[in-house]
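The values are calculated or read from the model by the stated rules, or taken from the named source; none is laboratory data. Since the model is a prediction, treat every value here as computed from it, not as a measurement. Using ideal geometry, Cβ is built from the backbone for each residue, glycine included, and neighbour counts are taken over all protein chains shown. Side chains included, ligands, DNA and RNA excluded: accessible areas come from the protein's heavy atoms. Shrake-Rupley method; radii C 1.70, N 1.55, O 1.52, S 1.80 Å.
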Amino acid sequence: MTANTTEILLLGIAQDGGMPQIRCQCKNCSSVHQGILPQQYTVSLAIINQTTNQVWLIDCSPDFRNQYTMLQKHFGLDKSFTLEGIFLTHLHMGHYTGLFQFGRETMDWKGLKIYGTESVCQFFQTNQPWSTYIQIGNFVLNPLVPQTEIQLSSDLFLKSQLIPHRAEFSDAVGYFIRGSLRTFFFCPDVDSWDRGWLNENGLLPLDIVQSVDQAFLDATFFSADELPNRKIDEIPHPTVMQTLEKFRGFEHKITLIHLNHSNPLYDLQSKQREHCQQAGINIGIQGTVYKI
């Protein structure tokens with residue numbers, strides 16, 4: 001029997017701005033500056049076939065330069081791998097701006113496959129510098145049809161799921177990642193678990209979590225009072241407490257990601273982190289490997 005060699009590498013767990021966030025002296029960010037807490041990269045994951053040395057990314061964050069090094073170290077500094085393509089969830093800054101590293105000014109990559117919904121592809125086709133990168137061959141766009149599964153290798157399949165999330169630049173999706181052993185769901189951003197979900201657009205949140213082995217879910221804010229100087233209704237996300245309530249009984253299937261720099265879950269000694277651990281929910285750890 002052939003051993004399974006497909007795995008997921010969690011390249012980051014932070015919200016779009018990373019942790020520490022620029023121009024911030026909150027407890028978490030200060031703890032990173034003081035060497036108490038480690039830096040946390042913006043959320044992204046790599047899907048890896050160790051037999052063929054093929055890699056696919058979901059999202060390409062502003063921290064991509066460091067995450068690429070992290071990926072290289074995972075393989076070994078003396079080994080090569082092939083980046084086959086990048087799947088984008090949506091077009092908020094933490095999820096695609098690492099793509100600048102593939103342009104003429106840096107790597108000048110040729111033929112990189114970018115996967116996204118029709119609105120994502122249209123954005124790249126009609127805005128600079130992306131349209132130029134496409135014209136000179138850095139990127140090749142691959143439009144996705146939500147809820148349509150595509151095969152990446154003999155035992156690896158991806159399917160997008162439309163997600164209710166602020167759509168200033170594009171719509172948003174999560175991804176089902178199906179391997180020979182397990183199925184994962186990746187949803188770093190969502191406005192609500194209760195509003196905006198339509199049956200014709202795929203499964204509802206509770207159905208999704210029940211149907212997979214592990215779900216990486218939006219945990220931007222533990223509570224709505226973390227940012228007293230911001231209007232939370234302008235940047236809606238379910239709180240961690242709402243997520244715990246929504247998926248009661250399935251906590252063991254959930255890994256929390258996309259933590260804002262203000263989130264007390266970064267503090268290993270916080271009562272909020274202890275509460276989540278006692279509830280049985282997982283908190284994402286940068287660099288964790290999951291066999292699929």
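Overview of values
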{"quantity": "Among beta bridges that DSSP assigns inside the chain, antiparallel share in %, nearest 5", "calculated": "55"}
{"quantity": "Percent breakdown of C-alpha pair distances by 5 Å bin, ordered from the shortest bin, for segment 103-221", "calculated": "2, 10, 18, 20, 17, 16, 11, 6, 2"}
{"quantity": "Accessible surface, segment 1-129, averaged per residue in Å² (probe 1.4 Å)", "calculated": "46"}
{"quantity": "Per-peptide average of other Cβ atoms within 10 Å, ordering 215-226, 246-257 highest first", "calculated": "215-226, 246-257"}
{"quantity": "Stokes-Einstein diffusion coefficient of segment 1-89, Kirkwood radius over Cα pairs, 37 °C, 0.692 mPa s, in µm²/s", "calculated": "230"}
{"quantity": "Sequence ranges 113-126, 135-148, ranked by mean other-Cβ count within 10 angstrom, highest first", "calculated": "113-126, 135-148"}
{"quantity": "For segment 157-292, share of DSSP beta bridges that run antiparallel, in % to the nearest 5", "calculated": "50"}
{"quantity": "Kirkwood hydrodynamic radius over Cα pairs of segment 64-112, then Stokes diffusion coefficient at 37 °C and 0.692 mPa s, in µm²/s", "calculated": "270"}
{"quantity": "Segment 1-64 - percent relative contact order, Cα under 8 Å, separation 6 or more", "calculated": "39"}
{"quantity": "Binned Cα-Cα distance frequencies in segment 42-189 - 5 Å width, integer %", "calculated": "2, 9, 19, 23, 22, 16, 7, 2, 0"}
{"quantity": "Rounded Å value of the spacing that divides the Cα centres of segment 169-234 and segment 1-39", "calculated": "19"}
{"quantity": "Shape metrics for segment 2-49, restricted to C-alpha atoms - Rg then Dmax, Å", "calculated": "14.8, 51"}
{"quantity": "Heavy-atom accessible area per residue - segment 214-292, 1.4 Å, Å²", "calculated": "47"}
{"quantity": "Dipole moment magnitude, nearest 20 debye, segment 1-131 about Cα centre, only Lys, Arg, Asp, Glu C-beta charged", "calculated": "240"}
{"quantity": "Rel. contact order, % - alpha carbon contacts under 8 angstrom, at least six apart, segment 1-134", "calculated": "21"}
{"quantity": "Computed [θ] at 222 nm, deg cm²/dmol, the chain (DSSP H ≥ 4; -39,500 (n - 2.57); rounded to nearest 500)", "calculated": "-5500 deg cm²/dmol"}
{"quantity": "When the convex hull of its Cα atoms is projected in every direction, mean area for segment 183-292 (nm²)", "calculated": "7.4"}
{"quantity": "Alpha-carbon gyration tensor eigenvalues x 5, square-rooted, for the chain, Å", "calculated": "28, 22, 21"}
{"quantity": "Cα point-scatterer Debye curve for segment 167-247, base-10 log of I(q)/I(0) at q = 0.12, 0.13, 0.27 Å⁻¹", "calculated": "-0.39, -0.45, -1.46"}
